[in-house]
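Let me begin by presenting the structure, written as structure tokens, before commenting on it.
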Amino acid sequence: MMQPNIKTYKKITISGCEIIGKGSKSTVYRYEPDKIVKVYENIDSLDIISLEQKLAHKAYELGIPTPISFDIVEVDGKYGVMFELFQSKSLSELIVSDIEHIDKYMIDYVELLKRLHTTKVKEDDLPNIKDYVPVWIKGCEGVLDDESLNKIKTLIDEIPNQLTMLHCDYHTNNVLKQDNKIILIDMDCLSYGHPIFELVNMYFAFVGIVEIFPDNADTFLGMSKETANLIWKRFLPYYFETNDQDKLNKLTDKIRLLTFVRILRHIVRLNKRDNLDVDKEINYCIDEIHRLLNKVDTLVF
């Protein structure tokens, strides 16, 4: 009897390898001086890996500096992807070790993001971020009142569709510096849409989730809560090219409103999955959403 053709992958070990980046779905290790491996936590990750490879290739074709993967490997029963990447450090590492010069890193950080946001794509190049956002709303149903949910839905519906490239996981762990060149990694959330969705995901990482769970800055970003907040405060004026604090406050309110919708959905999921006692955190998010709904009449900028 013929055996089914089951594809096998090279097996490697990451014992003793340095962690150079960590996300909710994967961890990136320095495997060799010129190679890194991104290991996915979910053992059923081959479809995700295939999608990320496709998205990374598309970004590379469009001129975004990102390493292209060349091998899928098996790592202790999980799957990973090997990339060629010479000695580099994340902006998180560089900022933490050189905090007094944070502005020079913000210039690089913003420059790369604007490169993405001025890259126009076709609808069939990348997923539409608006296809994912309804999940945030649905996750708040039964927790947030219907009137507030309907207002948020209307505000989101009024955001115009844009064929602008978004990374949607653009924190400083995912931006590396190699030989004075800036490189972007973790392309699995690459999509297109209005830049507010990019900024919401950034605010979530640097400010919002840290406000609820302060230890998240250290465990996820590898920095203090104060440093994470400082990155956001330095980033915003560079991105919008203004030091007008009133304008920046109004922009932050828009970003913060949608961020706390996402945070509320995140906390509700945690509660359902891990049976956590998070009533205090849920009520904090609801109060913040109500406060911001009284101030924000559009999410567009």
Give the cross-link partners of Lys254 among the lysines, using a straight C-alpha distance below 19 Å as the criterion and excluding same-chain residues fewer than 8 apart.
-> Lys130, Lys151, Lys153, Lys233, Lys295
Which value in nm describes the separation of the simple spin-label points at Asp277 and Glu74, placed 7 Å from the Cα toward the beta carbon?
-> 4.4 nm
For a label point 7 angstrom out from the Cα of Asn42 toward its Cβ, which stretches of the stretch 159-192 have the backbone nitrogen within less than 15 Å?
-> 187-190
Once both labels are modelled 7 Å past Cα along the beta-carbon direction, what's the Gln87-Asp244 spacing in nm?
-> 4.6 nm
To the nearest Å², the heavy-atom accessible area per residue of the stretch 20-121 with 1.4 Å probe amounts to 48 Å²
Mind pulling the angle between the C-alpha long axis of helix 102-117 and the longest principal axis of the chain? Nearest 10 degrees, somewhere in 0 to 90.
-> 90 degrees
Could you run the Debye sum over the Cα atoms of the chain, one equal point scatterer each and no solvent, and tell me log10 of I(q)/I(0) at q = 0.11, 0.14, 0.16 Å⁻¹, two decimals?
-> -0.71, -1.15, -1.47
Report, in deg cm²/dmol and to the nearest 500, the calculated mean residue ellipticity at 222 nm for the chain, where each DSSP H run with n ≥ 4 adds -39500 (n - 2.57) and the sum is divided by the residue count.
-> -14000 deg cm²/dmol
Over the stretch 157-301, give the accessible area per residue in Å² for a 1.4 Å probe, as an integer.
-> 44 Å²
Pair-distance profile P(r), taking every C-alpha pair of the stretch 159-301, with 5 angstrom steps and integer % = 2, 9, 16, 20, 22, 17, 9, 3, 1, 0
Roughly speaking, to the nearest percent, how much of the chain's 1.4 Å accessible area is carbon and sulfur?
-> 48 percent
Could you work out which residue, out of Lys104, Lys130, Lys120, moves most in a Gaussian network model of the chain, that is, has the largest mean-square fluctuation with Cα springs under 10 Å?
-> Lys104
Pairs beyond 22 Å (Cα-Cα), from Lys225/Lys280; Lys25/Lys89; Lys35/Lys78; Lys58/Lys122; Lys38/Lys181; Lys35/Lys225 | Lys35/Lys225
Among Leu236, Leu113, Leu91, whose mean-square fluctuation peaks in a Gaussian network model of the chain (Cα, cutoff 10 Å)?
-> Leu236
If a cysteine in the chain has no other Cys Cβ under 4.7 Å from its own Cβ, put it on the list, ordered by number.
-> Cys17, Cys140, Cys285
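The values are calculated or read from the model by the stated rules, or taken from the named source; none is laboratory data. This one's a predicted model, so the numbers in the text were calculated from it and none came from an experiment. In this analysis, Cβ positions are derived from the backbone assuming ideal geometry, glycine residues included, and neighbour counts consider all displayed protein chains. Protein only, heavy atoms only, side chains kept; ligands, DNA and RNA dropped before computing areas. Shrake-Rupley method; radii C 1.70, N 1.55, O 1.52, S 1.80 Å.
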